[in-house]
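Take a look at the structure below.
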Amino acid sequence: MATFNKFNQFVQDLANGKHNLGSNSLNVMLTNTAPVATNQVLTDLTEIAAGNGYTAGGTTAAFVSGSQTSGTYKLVLSNVTFTASGGSIGPFRYVVLYNATQTSPNHPLIGWADYGAATTLTSGNSFLVSFDQTNGVFTVA
């Protein structure tokens with residue numbers, strides 16, 4: 001699996017109460033433009049075109065659990081699958097996690113993963129965004 005990288009602003013947004021990781025809708029979107037740690041909101045990124053099984057804004061990663069042990073919080077989300085239908089999806093290289101619930105001033109970014117090379121899904125093929133169900137998407141200590 002690709003390594004998860006946090007956006008710098010996520011730390012401040014978390015401290016300022018912009019994220020309720022247990023109840024906000026956290027979405028996964030695809031881009032072929034490299035995110036950078038200083039990106040802050042969804043409009044800082046260029047999403048791939050919607051269509052052929054990919055919806056603008058991506059797909060929600062359902063909350064599985066969020067727990068704290070000895071001062072470390074772990075977020076676990078369900079895996080997300082994108083399946084091309086009636087045409088291709090992509091190309092894309094990066095998977096971005098953002099808060100779809102918060103809209104002021106725009107959807108705040110959480111983090112991204114680099115899958116190493118651009119991928120195009122042809123009709124009938126799928127791409128699995130596999131979130132670590134044991135160690136979580138990320139931890140906050």
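The values are calculated or read from the model by the stated rules, or taken from the named source; none is laboratory data. Note that the coordinates shown come from a computational prediction; the quantities given were computed from them, not determined experimentally. No Cβ is skipped: glycine too gets one built from the backbone with ideal geometry, and neighbour counts run over all protein chains shown. These accessible areas exclude ligands, DNA and RNA; they are computed on the full protein's heavy atoms, side chains included. Shrake-Rupley method; radii C 1.70, N 1.55, O 1.52, S 1.80 Å.
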For the stretch 29-141, what is the accessible area per residue in Å², given a 1.4 Å probe and the full set of protein chains? 47 Å²
Over the chain, with a Gaussian network built from C-alpha contacts below 10 Å, which listed residue (Val95, Val11, Val41) shows the highest mean-square fluctuation? Val11
Taking 0.36 nm per residue of separation between Val140 and Tyr115 and subtracting their Cα-Cα distance, the length gained on full extension comes to 6.7 nm
With a 1.4 angstrom probe the carbon and sulfur portion of accessible area for the stretch 1-62, in percent, totals 48 percent
Given the options Leu77, Leu128, Leu21, state which has the largest fluctuation in a GNM of the chain using a 10 Å cut-off (strictly under) for Cα springs. Leu128
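Going by the alpha-carbon gyration tensor, a ≥ b ≥ c the square roots of its eigenvalues, is the stretch 7-86 rounded (a/c under 1.5) or, if a/c is not under 1.5, prolate (a/b greater than b/c) versus oblate?
Cα axes put the stretch 7-86 in the oblate bin.
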Run the paramagnetic zone check for Thr83: 7 angstrom along Cα to Cβ, then residues of the stretch 102-141 with backbone nitrogen under 20 Å. 120-131
Based on the Cβ-Cβ distance from Thr69 to Thr122, what FRET efficiency comes out when R0 is 30 Å, to the nearest 0.05? 0.10
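Which shape class, rounded, prolate or oblate, goes with the chain when its Cα gyration tensor gives a ≥ b ≥ c as root eigenvalues, a/c under 1.5 marks rounded, and past that a/b bigger than b/c marks prolate? Walk me through the numbers on the way to the answer.
Values: a/c = 1.88, a/b = 1.51, b/c = 1.25.
Note, shape of the chain comes out prolate.
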Let me have the relative contact order for the chain, percent, based on Cα pairs under 8 Å that are six or more residues apart. 32 percent
Using a basic spin-label model with each label point 7 Å from the Cα along Cα→Cβ, how many nm lie between Thr55 and Lys6? 2.9 nm
Based on Cβ point charges of +1 for Lys and Arg and -1 for Asp and Glu, what charge dipole magnitude is obtained for the chain about its Cα centre, in debye rounded to the nearest 20? 120 debye
